[in-house]
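Q: Have a look at this one before I ask anything.
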Amino acid sequence: YNSSVLILSISLENNSELLKIENPVYVVYLGEKEHDNPDSVTESHHQMLWPILGSKKDAHDSIVYSYRHGFSGFAAKLTESQAQQISELPEVVQVIPNTLYEMTTTRTWEYLGISPANSNSLLQKANMGSQVIVGVIDTGVWPESEMFNDKGYGPIPSRWKGGCESGEIFNGSVHCNKKLIGAKYFIDANVADFGVLNKTVNPDYLSPRDFEGHGTHVASTIGGSFLPNVNYLGLGRGTARGGAPGVHIAIYKACWIQRGCSGADVLKAIDEAIHDGVDILSLSLQTSVPLFPETDMRSLASVGAFHAVAKGIPVVAAAGNAGPTAQTICNVAPWILTVAATTQDRSFPTAITLGNNITILGQAIFAGPELGFVGLTYPERPLSGDCEKLSANPSSAMEGKVVLCFTANEPSNAALTAVRNAGGLGLIMARNPTHLLTPTRAFPYVSVDFELGTDILFYIRSTRSPIVNIQASRTLIGRSVATKVATFSSRGPNSVSPAILKPDIAAPGVNILAAISPNSSLSDGGFAMMSGTSMATPVVSGVVVLLKSLHPDWSPAAIKSAIVTTAWKTDPSGEPIFADGSSRKLADPFDYGGGLINAEKAVKPGLIYDMNTNDYILYLCSVDYSDISISRVLGKTTVCPNPKPSVLDLNLPSITIPNLRDEVTFTRTVTNVGPVNSVYKVVIDPPTGVNVAVTPTELVFDSTTTKLSYTVRVSTTHK
């Protein structure tokens, strides 16, 4: 944020009428201002257009926006020849056609380069994932959402053994179709723990129907059908879709509002999904530290996922939302693909204009209408300006005003509720930079950092009657918006087995727009923005669907390897990825694993680090699980080898050495899935003070040699 610069973004609706506009909008950029007076800047823009358009009136009518604060420029309706004439003027830096800003699910996939417009794209080559079945274990589904329509779908795959269960306000024979091919619910273990669902206090449906919308959001992110003209909160119109819009979806409801997800119910859901014939499982579920051992039946994801992976079903799961503290990551078993959350190249600048004419940009998802100049207050002592304590203030201190508050804690909606209940008109919250935003209509709820919050506070204290104007939020996309690992995204290292790098991969999980239950307070036309590693997980699941479509013979480990080894270490535009927290830093593997998922590259990884069930058994032996506990997971008697294997030899696409004292040696085995006759040469960039040697230094593949091993020797000069 920079309080001296006002960024204006033009949001245009992407509809057919735009195509009929005779004179499209061009943006004329002039660079630095030549006048400090904004009116003089605007006048200079008119004067530039007069000789080209013929009159002062035509120049005035042509201009859409005059950029006159942070820089000089304007947006105007021009013909192509007029734009060309202006571009030739010596004072003009650049003339560019206006960009249509879309604020829909599509942004996630366009940001990651997964576009349906390119006939050679992964999406087209995979036929939208049309031969794949994904199982979603969550809170159910709202089947009436248009994102689950089956227009253009072929027959359900013959291997499908599942079905649709009827229940409360859910008719299995009506609400399922060729896209939504399965829907079941699991509550028996939950009932055993907490008793029968009391419908007078818990409105959840005893059926696969989703009451609050989390499962609907996840499922539509993975495979929602193309849906044009979505306009969430008036922030821009565009086409919504999931990552694999042709996939078949099976819903397994094992999570219930006010009750959570019983481990036994989740395990039963996984078991049913394996039986039904799903190809992929997506679990936007989390536990918190301390974690159970991977062989403990209470470790629901680890044990259930082990059996799914053993059957060739990749399991994608959330890293958790306990960041940015280290060692908080969950779903840490090596057979799980664990997903961290990042932002994407989109923000929602919201202009706050103070009574002294200074404009500050905060972040909000505020649909408007614009709040004209009204009173602005900060509750000074003996009142409290602490966001968590606003409810203790008398209503008269906040009524009819916009309230400024400060908090060092994670944002919650308690302050929003307190100001609303007191009759306040809006809330400006100063806090650590974060991207968790609560969508609002008619009531602005804007976030600023502590620096800008302090600027606003100094203004309030400088005048007897402070006032503020808050404009509706705009949508800004592109390279001007940096990608960051979200503050809430749980971080490694792995607290159960530090030698297993977690997370594996990162994907957008902040302000993701997808379908939701209309019961949700966030819903606008059946859509909502949500944030969390729960939202990043289905993004990766959607990519896994596409990879599985093109490589049905790849194992879960092969798919994970392809994703991890081809990930971006920068954002798609080449800018560095940072990790948000109490102090921002460059992201590292404990923040984002291999990096930001790069779906197009993952199709052709060249080499893969493959594993099967036996490799995972050796891993369990290497980390000192007993024969009895391992046998319990496998369901058959298992005896570990003696001497026990080294955990460092697990064939992961990463190398993590928790405590490097003496020299260690370990092996990796790679399988060539690229051109048959390929040669790979080692490149080593070791950490400071660490010596790394690889033998051999070259791997040569041909038609008969498709799998080769190399040895890594690591030592340190540190005492």
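Q: Pairs only if they're at least six apart or on different chains, beta carbon under 7 angstrom, first in the stretch 428-440 and in contact (Cβ under 8 Å) with a residue 60 or more places away in the chain, second open to solvent by 30 Å² or more (accessible area, probe 1.4 Å) and among the basic types (Lys, Arg); list them, first residue then second.
A: If the second residue must be open to solvent by 30 Å² or more (accessible area, probe 1.4 Å) and among the basic types (Lys, Arg), no pairs are left.
Q: Give me a count of the residues in the stretch 536-577 that are over 14 Å from Asn598 (Cβ atoms) and surrounded by fewer than 17 Cβ atoms within 10 Å (Cβ to Cβ).
A: Number satisfying all stated conditions: 5.
Q: Val679 versus (1) at pLDDT 95 or above; (2) surrounded by 16 or more Cβ atoms within 10 Å (Cβ to Cβ); (3) β-branched (Val, Ile, Thr): which is the lone unmet condition?
A: Of everything listed in (1) at pLDDT 95 or above; (2) surrounded by 16 or more Cβ atoms within 10 Å (Cβ to Cβ); (3) β-branched (Val, Ile, Thr), Val679 misses just condition (2).
Q: Among the numbered criteria (1) part of a loop (DSSP other than H, G, I, E, B); (2) at pLDDT 95 or above, which one does Leu699 miss?
A: With (1) part of a loop (DSSP other than H, G, I, E, B); (2) at pLDDT 95 or above applied to Leu699, the lone miss is (1).
Q: Scan the stretch 172-198 for residues that are open to solvent by less than 80 Å² (accessible area, probe 1.4 Å) and farther than 23 Å from Leu227 by Cβ and report the count. First the steps, then the outcome.
A: Of all residues in the stretch 172-198, those open to solvent by less than 80 Å² (accessible area, probe 1.4 Å) come to 172, 175-177, 179-187, 189-191, 195, 197-198.
In the following step, the residues that additionally are farther than 23 Å from Leu227 by Cβ were identified as 172, 184-187, 189-191, 195, 197-198.
Counting residues in the stretch 172-198 that are open to solvent by less than 80 Å² (accessible area, probe 1.4 Å) and farther than 23 Å from Leu227 by Cβ gives 11.
Q: Scan the stretch 362-373 for residues that are part of a strand (DSSP E or B) and buried (at least 21 other Cβ atoms within 10 Å of the Cβ) and jot them down. Before the answer, list the steps.
A: Narrowing the stretch 362-373 to residues part of a strand (DSSP E or B): 362-363, 366, 371-373.
Answer for the stretch 362-373, where residues must be part of a strand (DSSP E or B) and buried (at least 21 other Cβ atoms within 10 Å of the Cβ): Gly362, Gln363, Phe366.
Q: Taking into account only those residues within the stretch 662-676 that are touching a Ser or Thr at 6+ places or on another chain (Cβ under 6 Å) and assigned to a loop (DSSP other than H, G, I, E, B), which is most open to solvent (accessible area, probe 1.4 Å)?
A: Ranking the qualifying residues of the stretch 662-676, first place goes to Glu663.
Q: Going by the structure shown, is Gly238 in the same structural domain as Ser262 (by the TED database), buried (at least 23 other Cβ atoms within 10 Å of the Cβ), in a strand (DSSP E or B) and in contact with a helix residue (DSSP H, G or I) (Cβ under 9 Å, 6 or more places away or on another chain)?
A: Working: in the same structural domain as Ser262 (by the TED database): yes; buried (at least 23 other Cβ atoms within 10 Å of the Cβ): yes; in a strand (DSSP E or B): yes; in contact with a helix residue (DSSP H, G or I) (Cβ under 9 Å, 6 or more places away or on another chain): yes.
Taking the combined requirement at face value, the residue satisfies it.
Q: Inside the stretch 515-554, can you point out the residues that are on the phi > 0 side of the Ramachandran plot and under 20 Å from the mean Cα position of the chain (by Cα)?
A: Matches in the stretch 515-554: Gly526, Gly532.
Q: Kindly list the number of the only condition in (1) closer than 20 Å to Cys176 by Cβ; (2) in a loop (DSSP other than H, G, I, E, B); (3) open to solvent by 10 Å² or more (accessible area, probe 1.4 Å); (4) not aromatic (Phe, Trp, Tyr) that fails for Pro290.
A: Status for Pro290: all satisfied but (1).
Q: Hey, another quick one. How many residues are among the small types (Gly, Ala, Ser) and out of contact with any Phe, Trp or Tyr (no Cβ under 9 Å at 6 or more places or on another chain) if we restrict to the stretch 655-690?
A: First, pick out the residues of the stretch 655-690 that are among the small types (Gly, Ala, Ser): 674, 678, 689.
In the following step, the residues that additionally are out of contact with any Phe, Trp or Tyr (no Cβ under 9 Å at 6 or more places or on another chain) were identified as 689.
Looking only at that region, the number is 1.
Q: OK, next. Can you name every residue in the stretch 338-361 that is more than 22 Å from Thr454 (Cβ to Cβ), in a strand (DSSP E or B) and touching a Pro at 6+ places or on another chain (Cβ under 6 Å)?
A: Hits for the stretch 338-361 are Thr338, Ala340, Thr342.
Q: Then there's this: Quick check on the stretch 248-263. Is at least one of its residues part of a helix (DSSP H, G or I), surrounded by fewer than 24 Cβ atoms within 10 Å (Cβ to Cβ) and touching a Ser or Thr at 6+ places or on another chain (Cβ under 9 Å)?
A: Initial filter on the stretch 248-263 (part of a helix (DSSP H, G or I)): 263.
Among the residues that remain, those that are also surrounded by fewer than 24 Cβ atoms within 10 Å (Cβ to Cβ) are: 263.
From what's left, touching a Ser or Thr at 6+ places or on another chain (Cβ under 9 Å): 263.
Yes, some residue in the stretch 248-263 is part of a helix (DSSP H, G or I), surrounded by fewer than 24 Cβ atoms within 10 Å (Cβ to Cβ) and touching a Ser or Thr at 6+ places or on another chain (Cβ under 9 Å).
Q: Checking Leu652 against (1) without any contact (Cβ under 8 Å) to a residue 12 or more places away in the chain; (2) within 18 Å of Thr695 (Cα to Cα), which single condition isn't satisfied?
A: (1)
Q: If Asn659 satisfies every condition in (1) of a type in the set (S, T, N, Q); (2) farther than 30 Å from Lys604 by Cα; (3) open to solvent by less than 50 Å² (accessible area, probe 1.4 Å) but one, which is the exception?
A: Of (1) of a type in the set (S, T, N, Q); (2) farther than 30 Å from Lys604 by Cα; (3) open to solvent by less than 50 Å² (accessible area, probe 1.4 Å), only one is false for Asn659: (3).
Q: If you don't mind, there's one more thing I want to ask. Would you be able to say whether some residue in the stretch 422-431 is touching a helix residue (DSSP H, G or I) at 6+ places or on another chain (Cβ under 8 Å), closer than 24 Å to Ala528 by Cα and open to solvent by 20 Å² or more (accessible area, probe 1.4 Å)?
A: no
Q: Answer yes if at least one residue in the stretch 140-147 is within 25 Å of Phe527 (Cα to Cα), modelled with pLDDT under 95 and crowded, with 23+ Cβ neighbours inside 10 Å, and no otherwise.
A: There is at least one residue in the stretch 140-147 that is within 25 Å of Phe527 (Cα to Cα), modelled with pLDDT under 95 and crowded, with 23+ Cβ neighbours inside 10 Å.
Q: Out of curiosity, is Ala117 among the small types (Gly, Ala, Ser), open to solvent by 40 Å² or more (accessible area, probe 1.4 Å), on the phi < 0 side of the Ramachandran plot and modelled with pLDDT under 95? Step through it out loud before you land on a result.
A: Working: among the small types (Gly, Ala, Ser): yes; open to solvent by 40 Å² or more (accessible area, probe 1.4 Å): yes; on the phi < 0 side of the Ramachandran plot: yes; modelled with pLDDT under 95: yes.
When the stated conditions are applied, Ala117 passes them.
Q: To continue, here is another question. Can you tell me which residue among Leu376, Leu337 is at pLDDT 95 or above, open to solvent by less than 20 Å² (accessible area, probe 1.4 Å) and over 30 Å from Met535 (Cβ atoms)? Let's see the steps before the verdict.
A: Numbers: Leu337 fails: over 30 Å from Met535 (Cβ atoms).
Exactly one residue qualifies, and that residue is Leu376.
Q: Quick one: in the stretch 73-83, which of the residues that are within 40 Å of the chain's Cα centre (by Cα) and of a type outside the set (Asp, Glu) is most open to solvent (accessible area, probe 1.4 Å)? Break it down into steps so the answer makes sense when it comes.
A: Pass one, the stretch 73-83, residues within 40 Å of the chain's Cα centre (by Cα): 73-80, 83.
Still in the list and also of a type outside the set (Asp, Glu): 73-79, 83.
Numbers: Gly73: 0, Phe74: 0, Ala75: 0, Ala76: 0, Lys77: 91, Leu78: 0, Thr79: 42, Ala83: 7 Å².
Here the residue is Lys77.
Q: Let me ask something additional. If I filter the stretch 403-421 down to residues being open to solvent by less than 10 Å² (accessible area, probe 1.4 Å), among the β-branched types (Val, Ile, Thr) and not in a loop (DSSP other than H, G, I, E, B), which single residue comes out as farthest from Ser465 (Cα to Cα)?
A: Filtering first and then ranking leaves Val419.
The values are calculated or read from the model by the stated rules, or taken from the named source; none is laboratory data. What you see is a predicted model; the values in this text were computed from it and never measured. Here the Cβ is made from the backbone with ideal geometry for all residues, glycine too, and neighbour counts use every protein chain on show. Ligands, DNA and RNA are stripped out before the accessible areas are found, and what is left, the full protein with its side chains, is counted by its heavy atoms. Shrake-Rupley method; radii C 1.70, N 1.55, O 1.52, S 1.80 Å.
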